[in-house]
Structures are given as structure tokens and as C-alpha cells.
Amino acid sequence: MSIGKRSRVREVVREVFRRKAFRFGWCSTCRSYVLRVSTCPVCGNSVKFIDATLPRDVRLAHEYDIEVTREAIARSCGVSSEYLDRVLPRSGTVLLNKVQYVDAADEVIVSGYIIGTRFFDLLRQEWVFRPQYEFASLIIREKIGYYGIVRGSRLSVGEVIERSDVLEGDLPSDVGYYVPLETRDGKFQGVGRVVGKDRLKVVKTWSSVEPLELEGTCTVDRIIEVNATVLEALERDSLKFIESCLRKYSTYVPLVTFSGGKDSTVVLHLSSQVGVREAIFNDTGLEFPETYRNVDDVASKLDVVVHIASAGDTFWNLLKKFGPPARDYRWCTRACKLVPMARKVRELYGSRPIMSIVGQRMYESVQRALAGRVSTGNPIIPKNILISPIYYWTALEVQLYAKLRKLPLNELYLKGFERVGCWLCPTSRLAEFKIVETSYPNLWSKWRGYLLKYARVKKLPREWVEYGLWRWRFKYPGDVANLVKKLGYRPSDLLEKTAITRCIITENIRIGEVHSLGIVMVNCCEMNLGELCKYLSKIPGTTTCKQLSDTVIVLENRLGKATVFSTGRVSVQCSSLESCFKLLTEIAKCIAKLKCCSECGLCTGFGEDSTRGCPVISAYVASVERQVREKTAHVRSTH
Ligand SMILES: [Zn+2]
């Protein structure tokens, strides 16, 4: 997808989120959150709306989350535990709201107040807290942590404040920490980020507010009681939705896709209410022990059959061939998820169409919001659809409902994981890997050992492992690229070392009617040309393909002529540069097949074209294509 198109898609989704925004508030009389309505269903008082950042997929914090947040506030705001017990008691009910950030970040909501945001700072590799409004005001007025009273009568975002501008206060020296600020006359408040020795940069300002005042406690049971009507309405809607799908897709086999997480546990419970008693669990071979336990607990509690689609040792076997998976190189999804699922489904139901009942929710992500409540499913199962009964639920509602119905909870949530999945998934945040590292040292040292060895072979720096930079293979997103630079490396240098192949342009000229393009694909030496010849002759439009010697193949195609050498050098002559690109891409595909195919069987047996279906081959070809286009553009512009 192009960048322009992607940003347009985002815009559409933001609009959807705004229109279908989940609204919730706080009833100070009942001391409870009130979901989706503006008057409290218990006392009838109007509710104070909480303007948390969209998509507002709020969730309950578990004990571990509260502990981590307390530590972050203590460390980065200098607030003592005596005050923390008041603001963020260990036994309290705290909501978290995930916000967009390069790693884990959540708004922290206590008794109806957003007291600030916690971030996992990648450079510091620790949680940092940014207080705001009432809590920042409390820190300043009661002097319970780092704060500053500044000389000026105004505060503006972007302004840099030197220590000499601070009349009174206590400033931390750690870069990246946040400090509440107030003007001398007490009219304005804000937050500054420590950007250097004795220097702060103002990042947020507001007209002064009264300090946070908390009295009494709020319990999860109370929230469930107050919102019983809403939870029951969500339940009714979801049950009706499943029933209507069962009628509409009556020839399909209904099957719950169960991950061992909270969302699919609720979906399995709902489905079992309307007679669907079969589920499938995908054991990628990389699941946490808690997940296996939860699968057993849920199956016995709900009295449903859970089929296991196991990937066995596939991941570790393919790792040798493909290298570490990345967010933009997810060979593992196909190998460890889609294929085992497709195999199991075929074994159980033959070629009957499948209606997968899943726990996807629109508030989870842009992708989920775009997918819709009914969408297409596993691309390698011939006929199947996905339906999401809890599509309109928030994480909080799933949690409350699961508690209301006493459904077993995967203990991973108690340990601080926000999602349940493979323990080394490249889509994990560094904050989650820190938990794996401390809670599962054996698992983590296996993976870390592999990465360190891989880094040594590829001559990558240690930081590539320590900062999780292996999670991208082709391109670092902006924030990560900045981190790489701060660590003292050029992003392109790191990416180059993990590149699947590297292309050098040797020739790019036009003589008369013929354009001639030559490249060398490094890492391709000593190809078996006999084998390659077979692939090349199948390129559409090929008239002749001849191996002239042990080292050369000549190819004639309607696009033009090509010469391929066993060293990885390829030269093509066509009537236009664009035709050269096309022919070269086709040849690269054949070379990729020769170089990358491990005959793992992923692409065969499901009636597919092996080059289109294989993620590794398509990554290789895309890499060649991108490099050739970039590098020829460069050559052209320097001529
Ligand atoms: Zn009330």
C-alpha cells in the first residue's frame, strides 16, 4: 500500500472511531465508571465524561500493571510510596487506555481522572510517567515530587526552560523524565520534559486546575453492578448476531477460533449458548504455559470440544532457513498458524466451508476496524469467513463480562501482558519482552542466544538484539529509525546486513531502440543453472531458454532478451526500462525459488502457485525489485 493510500485509510478509520466512539464517564455519587450512557443507571445523576484518547479501548489494569505504574511514578516523578498509596493504591481499580506510541504506552485513569500517561522509554528501557492536570497540580501544590515554579507568567508548548528560570522546585537530572510546572502567579500549569542538563522543554500546558482529591474506593464488582444493563445488551446483541450468521451461512461449519485469550474465551462462551460447541486452538509451538492451561480450563468449564492445530517444531526448523521473523517479514504466521489450521480443518471437515467465530474487536486496531464484523478468513482454506460477535465491545467490557460470567482468565494478563500470543512474536513491544525475560528466563535465553549468534554472523551490533531492532527487516518506522540514530548507527546499515540479497547495478544505458540493464545479485553465486533453466523456461512469454555452458543461460522472451550467469549477474535488453524491470522481476522470482525454497511444503498441497504464496520468495523478489528501482533512479539522476 502506498503511503498516500495508507494515510487516507487511517483518516477514514479515525472518522469511524469518532462516530462510533465508545463513551464512558464517572459517577461520583456511585463511585463507579458508567459505560455508554450519560446518566447513571443507578442514581440518575449525570456522568462526568472522560475524554480519553481514541479509539478508547480502555481496559482494567491488573496488579502487575499497577505495580509497574507505581514504580514509574516513584522513579520518574519522585513521588513517595506514602502518596502513591493515596493516588494509586495496590488494591485499587485503575483503567488503562492504550495510546499510539513506538512501544507500550497507556493513559492511566483513576477515580474518573486521567492522571497521566505511562510510556515504555526505549532508550532508557524502563517505564516513565508523564503526569497531567489534577495529578500534576497535586504534585506541585503539595510538593510531593519533582516540580518547578517558573519565572514567566505564561507557559507555551515547545518553550525551553533553563534551571535559572525556575524560581522554586525540585528538578530531576534524567533526560526523558517529565516535570509538572506552574507559573509564578499560579494561573497556568504544564509539563516539561527533561531534554538536557538543567533544561526542560514544555510539552503540554493548561489553565491551572485544583489538585487531585480522591476519597473512597471503586471496585470491579461495583462497576459490573452499575453497568449490568449495558453488559446484558451487548450479550444479547452478540448472541443474536451469531444466530443470524448460523442461519445465513447454514451450509458452513461453525467453529470458534480459540486463542486462550480473554476475547476468544468470551466468544466461545457466547457461541456455546447458541449450540456451537466446537473450537480450534492453534498451537504455534511458541505458546506460554499459562495459555495451554487456560485452554484446558475453558474447555472443561464450558464443556466444549477444543481441537488442537499444532505446528510442532515448524518454527525452529524454518528459522534456520529464513532467519528471525519480523513485522514486515512474517513467514511464521503462515508456517505456524495458517498452514496447521488449514490442515486440521481439512482433516476434520474435508472441503466443507468454514465459518470461523473469532474474538476480533474494532477498537483494537485500524486493521480490525477496517475488516468489519464479517470478513474473509484464512486465505489458504478454500471457502471460509470470519465473524466477530464481540466486534463492538471494548476490552473493559470483555473483562467485566468475563468476570460476571465467571469465565477462566489466562494468568498471562495478571503478569502484565496485554495480549496473549507467541512469546517471541515480533509484533510484541519491548515492554512485553522485558516481562518474558524476567518471568520466563529459560525461554528468553534460548531466543536471545539465537539472536546474538545471528548478529555475530551478520556482523550486527549488540544493540540490534538488546533494543529489539530485529523486529523489522526492510524498513524501520520513523520513531525506531530515530532510536537507531541515537544509538549511533545508520538505519540503512543495519537493514543492509540482514537484507536477503543485495543488488548492484552494473549497466543502465539506452542505445537506439534498446534499453540495457545489468545487475549483480550478491549472495547468489554458484547457482545450479540446470535447475534454474527449468524455472526460467516457465516465465510467461518465453520463446527460448538455453543453457550455453556451466556458467551462462540465454533467454528470449516477448519482453526482451536476458543473459543469466551462475555468479548472480543478470543482463536484460528490452525496448523500455519498464520492460527491463518486468523481465528482471520474473528472473529474480526464479532465482529466489532456487535460493530460498526449502521445500517446506507450505505452498503445496493447497492448490496454490508456489511463488505467489510463499512469503519468503515474495519478500526476496520485492527486495530485488525495490533495490533495482531505487538504484536505477539514482543512476539516471546522476547522468
Ligand atoms: Zn450513580
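The values are calculated or read from the model by the stated rules, or taken from the named source; none is laboratory data. Predicted, not measured: the structure shown is a model, and the values here were computed from it. In this analysis, Cβ positions are derived from the backbone assuming ideal geometry, glycine residues included, and neighbour counts consider all displayed protein chains. Protein only, heavy atoms only, side chains kept; ligands, DNA and RNA dropped before computing areas. Shrake-Rupley method; radii C 1.70, N 1.55, O 1.52, S 1.80 Å.
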Worksheet item: Leaving out same-chain residues fewer than 8 places away, which lysines sit with a Cα under 30 Å from that of residue 48?
Response: 20, 98, 143, 187, 204, 262, 403, 406
Response to the item:
Of all lysine pairs in the range 265-401 that are eight or more residues apart or on different chains, those with Cα atoms under 26 Å apart total 8
Worksheet entry | Contact order relative to length of the range 3-207, as percent, for alpha carbon pairs under 8 angstrom and 6 or more apart | 14 percent
Worksheet item: Each residue of the range 85-95 in turn: what ³J(HN,Hα) in whole Hz from Karplus with 6.51, -1.76, 1.60 and θ = phi - 60°, glycine and Pro shown as x?
Response: 4, 7, 7, 9, x, 4, 8, x, 9, 10, 9
Worksheet, complete the sentence: With only helices counted (DSSP H, runs n ≥ 4, each -39500 (n - 2.57)), the per-residue ellipticity at 222 nm for the chain, to the nearest 500, works out to -11500 deg cm²/dmol
Discussion item. Under 5 Å between amide hydrogens, which residues at least 5 positions from residue 177 or on another chain qualify, with H placed 1.01 Å from N in the peptide plane?
Written reply: 194
Discussion item. Once you order the gyration tensor axes a ≥ b ≥ c over the Cα atoms, which shape class does the range 185-249 get: rounded for a/c under 1.5, otherwise prolate or oblate by comparing a/b with b/c?
Written reply: prolate
Response to the item:
Once residue 7 and residue 39 are pulled to full extension, the length gained, defined as 0.36 nm per residue separation minus their Cα-Cα distance, is 7.8 nm
Worksheet entry | Proximal aspartates and glutamates relative to residue 485, as straight alpha-carbon distance under 18 Å, when same-chain residues fewer than 8 apart are discounted | 103, 121, 463, 466, 493, 496
Worksheet item: From the square roots a ≥ b ≥ c of the eigenvalues of the alpha-carbon gyration tensor of the chain, which class results: rounded (a/c under 1.5), prolate (a/b over b/c), or oblate?
Response: oblate
Worksheet item: Among the lysines, which fall within straight-line cross-link reach of residue 561, defined as a Cα-Cα distance under 19 Å, with same-chain neighbours fewer than 8 residues apart omitted?
Response: 534, 538, 546, 582, 589
Worksheet item: Can you list residues whose amide H is under 5 Å from residue 307's amide H, if they're 5+ apart or on another chain and H is modeled 1.01 Å from N?
Response: 279, 280, 281
Worksheet item: Could you give me the ³J(HN,Hα) list for the range 27-41, computed from phi with Karplus coefficients 6.51, -1.76, 1.60 and θ = phi - 60°, whole Hz, x at Gly and Pro?
Response: 9, 6, 6, 8, 6, 8, 7, 10, 9, 6, 10, 9, 10, 5, x
Worksheet item: Of all trypsin sites (Lys or Arg not before Pro) in the range 189-251, which ones are in loop regions per DSSP and have a Cβ with at most 15 other Cβ atoms within 10 Å?
Response: 197
Discussion item. If you filter the range 134-213 for GluC sites (Glu not before Pro), then keep DSSP loop positions with at most 12 other Cβ within 10 Å, what is left?
Written reply: 213
Worksheet, complete the sentence: Length gained if residue 64 through residue 29 is fully extended, taking 0.36 nm per residue and subtracting the Cα-Cα distance, is 9.7 nm
Discussion item. Whole angstrom only: what separates the Cα centroid of the range 211-289 from the Cα centroid of the range 497-519?
Written reply: 55 Å
Discussion item. If a paramagnetic tag sat 7 Å from the Cα of residue 239 along the Cα-Cβ line, which residues of the range 201-229 would have the backbone N under 12 Å from that point?
Written reply: none
Practice prompt. Could you work out the relative contact order of the range 462-520, using alpha carbon pairs under 8 angstrom and six or more residues apart, expressed as a whole percent?
Written response: 22 percent
Practice prompt. For the range 133-139, take each phi angle, set θ = phi - 60°, evaluate the Karplus expression 6.51 cos²θ - 1.76 cosθ + 1.60, and give the result in whole Hz per residue in order, putting x for glycine and proline.
Written response: 5, 4, 6, 4, 4, 4, 4
Worksheet item: For the chain, what is the accessible area per residue in Å² when the probe is 1.4 Å?
Response: 45 Å²
Worksheet, complete the sentence: Subtracting the Cα-Cα distance of residue 303 and residue 548 from 0.36 nm times their residue separation yields 81.5 nm
Fill in: Computed over the chain: relative contact order in percent, which uses C-alpha pairs under 8 Å that are six or more apart
9 percent
Item to complete: With both partners inside the chain, how many of the DSSP beta bridges are antiparallel, as a percent to the nearest 5?
Response: 80 percent
Item to complete: Pop out the carbon and sulfur fraction of the accessible area of the chain as a percent, whole number, probe 1.4 Å.
Response: 50 percent
Practice prompt. Return the loop-located GluC sites (Glu not before Pro) in the range 487-553 (DSSP other than H, G, I, E, B) with at most 10 other Cβ atoms within 10 Å of their own Cβ; answer none if there are none.
Written response: 513, 526
Worksheet item: Sorted from largest down, what three extents in whole angstroms do the Cα atoms of the range 3-207 have along their principal axes?
Response: 51, 48, 34
Worksheet item: Can you list the equivalent-ellipsoid semi-axes of the range 440-498, largest first and in whole Å, using the square root of 5 times each Cα gyration tensor eigenvalue?
Response: 21, 13, 9
Worksheet item: Dividing the Cα radius of gyration by the Kirkwood radius, what Rg/Rh value follows for the range 439-595?
Response: 1.11
